[in-house]
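This report refers to the structure that appears directly beneath it.
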Amino acid sequence: MVGDAMIFATSPDSIKAKNIAKNNRISLTVGGMPIYAAIDGTVADANAEEIKGYNKELLVRYPEFKEMIDSGAMTFKHFRVVFDTAYYNEGMAPAKIIKMGK
């Protein structure tokens with residue numbers, strides 16, 4: 001998380017980046033039945049400030065990446081998740097659905 005934005009990165013040549021270029025819809029689920037949270041949305045390119053924040057957090061957690069990033073050996077394509085709908089469930093009842101503003 002960078003501020004209130006969910007940012008992620010991948011290699012520009014990865015299957016993930018190529019799939020996103022074809023279809024930017026995403027779905028992410030955390031947990032499993034009967035307790036889970038899920039989001040649906042789209043993915044957009046992260047802006048310069050979001051990328052800066054992402055890189056700062058990355059290097060705090062993995063300082064060993066600094067040399068690889070600085071040398072150009074490790075490149076990233078950065079994305080921002082744009083939330084559309086969130087779902088939350090704590091049992092066998094229907095999930096709570098939260099529509100997010102665009």
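Values quoted throughout were computed directly from the atomic coordinates according to the rules given, and no laboratory measurement underlies them. Please read all numbers here as calculations on a predicted model, not as lab measurements. Methodologically, a virtual Cβ is constructed for each residue, glycine included, from the backbone with ideal geometry; neighbour enumeration extends over all protein chains shown.
See the values below:
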{"read-out": "Cross-link pairs beyond the 30 Å C-alpha cut-off, checked among K18/K56; K66/K96; K77/K99; K18/K66", "value": "K66/K96"}
{"read-out": "The stretch 65-98-the stretch 1-50 distance, computed between alpha-carbon centres (Å)", "value": "4 Å"}
{"read-out": "Ranked by how many other beta carbons lie within 10 Å on average, peptides 42-52, 88-98 from highest", "value": "42-52, 88-98"}
{"read-out": "Cβ charges +1 (Lys, Arg) and -1 (Asp, Glu), total dipole of the stretch 1-96, debye", "value": "240 debye"}
